[in-house]
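Below you'll find the structure, written out as structure tokens, and then a few comments.
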């Protein structure tokens, strides 16, 4: 144990003498034996030299098959193989951003604060809602915070959540609900569209819908808008930010909160993280906003400046009355997203989305016409993601396609109880996929299902 304590033997002896103890283990006598690790249970190996450690870690890393070099990626589901501008990589890696401390002191953090203010502005334009925070950890945590905000505002902890939401997001919401007491009811899909109950013994305070859904389906948002307004329900929209270049924004359907995963903007796949959660809401809910909000102001000389405002450190004081305990954000990843979005601009983002859409439609057409019994799970319009029924198990398709040099998609094997989704494969096409890669992908798919 002493190998992990940065104190000399004499310092430890002095501390124990002051406390009236004989040995360090006595410090932990209050911890019940039933929850202690037995000695040797961790099986910690003996120490090794730094060169040996690096060699071992490189060996572990070599067992991964990266999309950047070895696999052409047709998987999505919240993590997408988008291009990253060289300018984004260069600017986001500057030491002013990478080593920046939490910007509590505005007099020494104007650069970071302004960058976050620009990020908030860009997210608000994407979502169509006026207030955006300085980011959250990822899309799943943003959804949890949206549910927390809306249930607190409505004082109704019943939540109807569409099964068209990413299964991982839904699992995170259910996990948090164990502690918060929120009652989560998952609403099933029919033909890819959420079937909201027209009547119920108890109406929810909040409904959560995907736009487009995890399966790529575009829900009937005007009808949902009418439904929530008629029943005075708060509406949380989990949106795809790239698709917003071609679709109406969540704000245009009067969403109360809009959340998204922002990985598509300048952030690599990174084996699942770190990512960034986008969060926007109405002006009237600003006092319930989780995380940080950067505001624009003027200093004593009338010069423009930026500060963190409505910081939720107050949530620490409010304790159980707080609607959120998030006191931080993903500063570096949020700034990276802001740089990428600024580099793209409005026209560039639209062109990116159009290329995704065109590639998706081309892949759909080739698969259906391939004569290999691939059928679209749903016939509705999609932007860059869709599901297909495969003639053999989708897990087998994915495994075999790795040998062909492709990450073929996400097998839909759980999380959609009572629906027709099981046994399908979720595919996604980004702007990085060209027609030659799509042609080769379809040829390989035909081979592996025979």
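Quick notes on this structure:
- The set of residues in the range 86-106 that are over 14 Å from residue 338 (Cβ atoms) and in a loop (DSSP other than H, G, I, E, B) comprises 93, 99, 101, 102, 103, 104, 105.
- Condition check for residue 376: modelled with pLDDT of 90 or more and over 30 Å from residue 412 (Cβ atoms): no
- Any hit, the range 363-381, residues being outside any helix (DSSP H, G or I) and within 24 Å of the chain's Cα centre (by Cα): yes
- Flag for residue 75 being farther than 24 Å from residue 12 by Cα, part of a loop (DSSP other than H, G, I, E, B) and in contact (Cβ under 8 Å) with a residue 24 or more places away in the chain: yes
- Of the strands (runs of 3 or more DSSP E) lying entirely inside the range 230-316, those containing at least 3 residues that are surrounded by fewer than 24 Cβ atoms within 10 Å (Cβ to Cβ) are 293-298, 304-309.
- Considered as a group, the residues in the range 281-300 that are touching a helix residue (DSSP H, G or I) at 6+ places or on another chain (Cβ under 7 Å) and more than 16 Å from residue 127 (Cβ to Cβ) include one that is modelled with the lowest pLDDT, and that residue is 288.
Yes/no per residue for (1) closer than 23 Å to residue 164 by Cα; (2) out of contact with any helix residue (DSSP H, G or I) (no Cβ under 7 Å at 6 or more places or on another chain); (3) in contact (Cβ under 8 Å) with a residue 12 or more places away in the chain; (4) surrounded by 23 or more Cβ atoms within 10 Å (Cβ to Cβ):
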{"residue": "343", "(1), (2), (3), (4)": "no, no, yes, no"}
{"residue": "348", "(1), (2), (3), (4)": "no, yes, no, no"}
{"residue": "368", "(1), (2), (3), (4)": "no, yes, no, no"}
{"residue": "395", "(1), (2), (3), (4)": "yes, yes, yes, no"}
{"residue": "428", "(1), (2), (3), (4)": "yes, yes, yes, yes"}
{"residue": "436", "(1), (2), (3), (4)": "no, yes, no, no"}
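- In the range 173-193, the residues that are in a loop (DSSP other than H, G, I, E, B), out of contact with any strand residue (DSSP E or B) (no Cβ under 7 Å at 6 or more places or on another chain) and under 22 Å from residue 154 (Cβ atoms): 181
- Complete set of residues in the range 194-211 that are within 11 Å of residue 228 (Cβ to Cβ), touching a residue at least 40 places away in the same chain (Cβ under 8 Å) and part of a loop (DSSP other than H, G, I, E, B): 203, 204, 205
- Every listed requirement among (1) in contact (Cβ under 8 Å) with a residue 40 or more places away in the chain; (2) in contact with a strand residue (DSSP E or B) (Cβ under 6 Å, 6 or more places away or on another chain); (3) closer than 26 Å to residue 248 by Cβ is met by residue 218 save one, (2).
- From the list 53, 16, the one residue that fits, being more than 37 Å from the chain's Cα centre (by Cα), outside any loop (DSSP other than H, G, I, E, B) and surrounded by 11 or more Cβ atoms within 10 Å (Cβ to Cβ), is 16.
- Residue satisfying condition, being in contact with a helix residue (DSSP H, G or I) (Cβ under 9 Å, 6 or more places away or on another chain) and over 18 Å from residue 332 (Cβ atoms), within set 61, 75, 85: 75
- Subset of the range 109-131 [in a loop (DSSP other than H, G, I, E, B) and either out of contact with any helix residue (DSSP H, G or I) (no Cβ under 9 Å at 6 or more places or on another chain) or not assigned by TED's automatic domain parsing to the domain that holds residue 335 (or both)]: 109
The values are calculated or read from the model by the stated rules, or taken from the named source; none is laboratory data. Just so it is clear, the model here is predicted, and its values are computed rather than measured. With ideal geometry, Cβ positions are generated from the backbone for all residues, glycine too; neighbour counts draw on all protein chains shown.
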